[in-house]
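The values are calculated or read from the model by the stated rules, or taken from the named source; none is laboratory data. Note that this is a predicted model, so its numbers are computed, not measured. We place every Cβ from the backbone using ideal geometry, glycine too, and count neighbours over all the protein chains shown.
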Amino acid sequence: MKPDNPSPAKNRHDTVSGVVYAGLAFLIWGISPVYWKAMQQVPALEIISHRTVWAFLFLMVLVLAQKRWAEFKAVLQNPQSMAILFVTAILVCINWLVYVWAVNAGYLLQASLGYYINPLVNVILGLVFLRERLTRHQMVAVLLACGAVVYRTVALGQFPWISITLGVGFGIYGLIRKVAPVTSLVGLTVETLWLSPFAAAYLAYLELSMKGAFLNAGAFQDLLLAGTGVLTAVPLLFFNLGTRRIDLSTVGLMQFISPSCMFLLAVVAYSEPFKADQLWTFALIWAALAIYSIDSLRAFRRSGRP
C-alpha cells in the first residue's frame, strides 16, 4: 500500500499559499501606520482603547467561526493560562500604545528600528532564559546590534526608548507566550478580554464627559475607530494560515517586511528626518540582520529538512 504522503504539487501549493498569507500579514502590519496616521487627532490611549474593545468583539466572531469555542473555554478555566495571558495582555497593551503614539508623534523610524532589532532580542532572551547557545555568527550579530544601540544613544544624546521598548517588549511577550499552550487567535482573544473592561470604562468616561472622538468626530473617524478590530484580527488570521504551511525559517526572514515598510513610509511618505547618525545606526542593524539571516538559513539547510 502506498504511503499517505502529500503530493509534490500539493506541497508546492501549500508553500505558495503559505508565503502569500504570511506576506499579506507582514505587509498589513508594515503599512498599518497609514491607518493610524488617519486618526492622528485622536489620542493614542483612546485609539488603543477602541482597538482593544473592537478587536475582542471581532476575535470572538473568528473564534466561533473557526469552532475554537471549546479551546477558548478551556483557557478561561485554566488559572495558570489566565495568569500568563494577563501578563502578556499588559505587554501587548504597552506595545500597541507606544507604537501608535510613536507613529502619530513622528517617530516611525524609531518604531521600525525596534521591530528590526526584535529577532536579535529574541536570540539574547533565548540565551538568558532558555539557555540556548549562540553560534559565532549570532554573537557577531548581537554585538553589532548592541553597538548600534550604543551609537544611537551617544549620537542622539538620549536613550532610544521607543525602539528598545518595542523590540525588547515584544521579545518578552513572545517568550512568555511560549509558556502558555494557547494558539495565537485564542490567546489574543483572551488578552483583549482581560483589557476590554478597562478600555470600555475609559471610553465610557470619555463619552460621558464629551471628550471622546467616537460619534463626535464624523462618520469617517467612527469607521476608522471601529475598524481597528478588523485591522488587528485579519493579519493575525493570515499569519496563522501562513505559518501552518511554511517553515519557521521562512517566516523569520519574511518578518523583515514589516519594519522595512515602516522605514520606507517614514522616509519617503512622511519625510521624517534621516540624518547620518541614523543611517549608521540602521546600517549596523541591517548588517547584523544579514549575518543572523544567513546563519539561520545555513543552520536550516544543515538540519536536512526539505
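Which numbered condition trips up Ala102, out of (1) surrounded by 22 or more Cβ atoms within 10 Å (Cβ to Cβ); (2) of a type in the set (Gly, Ala, Ser); (3) free of Cβ contacts under 8 Å to residues at least 24 places away in the same chain?
(3)
Mind counting the residues in region 150-179 that are surrounded by fewer than 20 Cβ atoms within 10 Å (Cβ to Cβ) and over 20 Å from the mean Cα position of the chain (by Cα)?
So the answer is 9.
Restricting to region 1-28, and then to whatever is more than 22 Å from Ile257 (Cβ to Cβ) and of a type in the set (A, V, I, L, M, F, W, C), can you tell me which residue is modelled with the highest pLDDT?
Ala9
Look at region 45-62 and say how many of its residues are crowded, with 21+ Cβ neighbours inside 10 Å and farther than 12 Å from Val230 by Cα.
Qualifying residue count, region 45-62: 3.
Given Tyr35, Tyr21, which one is hydroxyl-bearing (Ser, Thr, Tyr), in contact (Cβ under 8 Å) with a residue 40 or more places away in the chain and within 19 Å of Ala111 (Cβ to Cβ)?
Checking each option against the conditions leaves just Tyr35.
With the checklist (1) touching a Ser or Thr at 6+ places or on another chain (Cβ under 7 Å); (2) in a loop (DSSP other than H, G, I, E, B) in hand, flag the one item Arg133 doesn't pass.
(1)
Name the residues in region 184-230 that are of a type in the set (Ser, Thr, Tyr) and either in a helix (DSSP H, G or I) or crowded, with 20+ Cβ neighbours inside 10 Å (or both), would you?
Ser184, Thr189, Thr192, Ser196, Tyr202, Tyr205, Thr228
For region 132-142, how many residues meet the condition of being surrounded by 13 or more Cβ atoms within 10 Å (Cβ to Cβ) and either without any contact (Cβ under 8 Å) to a residue 40 or more places away in the chain or of a type in the set (Lys, Arg) (or both)?
Total meeting the criteria: 3.
Being part of a helix (DSSP H, G or I) and touching a helix residue (DSSP H, G or I) at 6+ places or on another chain (Cβ under 6 Å) narrows it down to one residue among Ile90, Ile164, Ile117, Ile172; which is it?
Criteria check complete, one pass: Ile117.
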